[in-house]
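Enquirer: Before I ask anything, let me first share the structure, which is written out below as structure tokens.
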Amino acid sequence: EKASGLKGTPFHQNVHKNADAKAAIGRAAAGLCMPGESVIIDGGSTTVQMCEHLAPLKLQVLTNSLHIVTALLPQPETRVSVPGGNIFREQDIILSPFPDDGMSGYRATKIFTGAASIGAYGLMQTDILIAQAELRLLARADQLVVLADSSKFAAPAGHVVCALDEIDILVTDEGLSDATAQLIERSGVELVVAAATKKKSAA
């Protein structure tokens, strides 16, 4: 493994996993945004699915993801800010090893983030650098919205970013088990289940 690499699945591989569920989650998450809001969209293969639905809202977006920057560039009325730091090519994200990444004055009503895994321990990422970067972003937002397809609830644990009860809204797909849904709701998390556009087979 390269010294500069991040643990976890590279973006170009991850973006094709559970694609229909991620598209539905992205659409539902975009529906939580209000016109003119300042939001943070963390890098990830699910959060990038929000972008195509945001153009009419004229948002101010802070993101550490080059994929999200690319998706938002064609939207002339979406203002985009990025932090300072190093580019990690595997995930195409900007991470700073320093506390001051030039964004300390930014304030958002919501942060939208993905997860490597999520469960009773909370929101987890596989890489400590990503977890630390997320913690800095979380401190700049009033509400935490997590986008996670149902496969993320069976994923192995990693570095805990925050406890389950610190999540305000969780957007997931219809594959979520009843037991997991109850665990989430008992923690005081608002659960949004995104219906896929594809019809399920009768089987």
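The values are calculated or read from the model by the stated rules, or taken from the named source; none is laboratory data. Computed from a predicted structure; not experimentally measured. Methodologically, a virtual Cβ is constructed for each residue, glycine included, from the backbone with ideal geometry; neighbour enumeration extends over all protein chains shown. Please note that ligands, DNA and RNA were not included when accessible areas were found on the heavy atoms of the full protein model with its side chains. Shrake-Rupley method; radii C 1.70, N 1.55, O 1.52, S 1.80 Å.
Enquirer: In whole angstrom, how far apart do the alpha carbon centroids of the stretch 16-63 and the stretch 120-164 sit?
Expert: 17
Enquirer: For the full complex of protein chains and a 1.4 angstrom probe, list GLU77, GLU134 by accessible area with the highest value first.
Expert: Result, largest first: GLU77, GLU134.
Enquirer: Counting only residues 5 or more places away or on other chains, whose amide H sits under 5 Å from the amide H of VAL161 once H atoms are built in the peptide plane?
Expert: Amide H neighbours of VAL161: LEU123, MET124, GLN125.
Enquirer: Also: Of all accessible surface on the chain at a 1.4 Å probe, what whole percent is carbon and sulfur?
Expert: Here carbon and sulfur together make up 54 percent of the probe-accessible area.
Enquirer: With runs of 4+ DSSP H residues as the only contributors, calculate the mean residue ellipticity of the chain at 222 nm using -39,500 (n - 2.57) per run, divided by the residue total and rounded to the nearest 500.
Expert: -6000 deg cm²/dmol
Enquirer: Looking at ILE87, ALA179, GLN125, which one has the Cα that reaches farthest to the positive end of the dipole of the chain (charges on Cβ: Lys, Arg +1; Asp, Glu -1)?
Expert: Most positive-ward Cα: ILE87.
Enquirer: Could you work out how far apart the two model spin labels at ASP178 and GLU166 are, taking each label as a point 7 Å from the Cα in the direction of the beta carbon, and quote it in nm?
Expert: Those two pseudo-labels are separated by 3.2 nm.
Enquirer: A follow-up question, please. If you restrict to DSSP beta bridges whose two residues both lie in the chain, what percentage is antiparallel, to the nearest 5? Mind dumping the intermediate values first?
Expert: Values: 10 of 33 bridges.
Among the beta bridges of the chain, antiparallel pairing accounts for roughly 30 percent.
Enquirer: Any idea of the accessible area per residue across the chain, 1.4 Å probe, to the nearest Å²?
Expert: 49
Enquirer: Using +1 on the beta carbon of Lys and Arg, -1 on that of Asp and Glu, and nothing else charged, what's the dipole of the stretch 50-182 about the Cα centre, debye to 20?
Expert: 420
Enquirer: Mind giving me the FRET efficiency for ALA157 and PHE98? R0 is 22 Å, r the Cβ-Cβ distance, nearest 0.05 is fine. It would help to have the intermediate numbers written out before the result.
Expert: On the way: r = 28 Å, r/R0 = 1.26.
After rounding, the FRET efficiency stands at 0.20.
Enquirer: Would you mind getting me the FRET efficiency between ARG79 and ALA19? Use the beta-carbon distance for r and R0 = 30 Å, nearest 0.05. Don't jump to the answer; show the numbers that get you there.
Expert: Numbers: r = 28 Å, r/R0 = 0.95.
So, using R0 = 30 Å, E works out to roughly 0.60.
Enquirer: Under the classification rounded if a/c is under 1.5, otherwise prolate if a/b is larger than b/c and oblate if not, where does the stretch 93-144 fall, given a ≥ b ≥ c as square roots of the Cα gyration tensor eigenvalues?
Expert: It comes out oblate by the Cα gyration axes.
Enquirer: Return a single number: how many Lys pairs in the chain, at a sequence separation of 8 or more or on separate chains, have alpha-carbon atoms below 18 angstrom apart.
Expert: Final tally of qualifying lysine pairs is 10.
Enquirer: Give me the Debye-computed log₁₀ of I(q)/I(0) at q = 0.09 Å⁻¹ for the stretch 85-203, equal point scatterers on Cα only, no solvent, two decimals.
Expert: One equal scatterer on each Cα of the stretch 85-203 leads to -0.28.
Enquirer: Find how much the distance from GLU37 to ALA196 grows on full extension, using 0.36 nm per residue of separation minus their present alpha carbon separation; answer in nm with one decimal. Let's see the in-between values first.
Expert: Numbers: separation 159, 0.36 × 159 = 57.24 nm, distance 2.62 nm.
Between GLU37 and ALA196, full extension yields 54.6 nm more.
Enquirer: Still on this structure, please answer the following. Using a 1.4 Å probe and counting only protein heavy atoms, arrange SER65, SER177 so the residue with the most accessible area comes first. Please list the in-between numbers first.
Expert: Details: SER65 0, SER177 55 Å².
Heavy-atom accessible area, descending, gives SER177, SER65.
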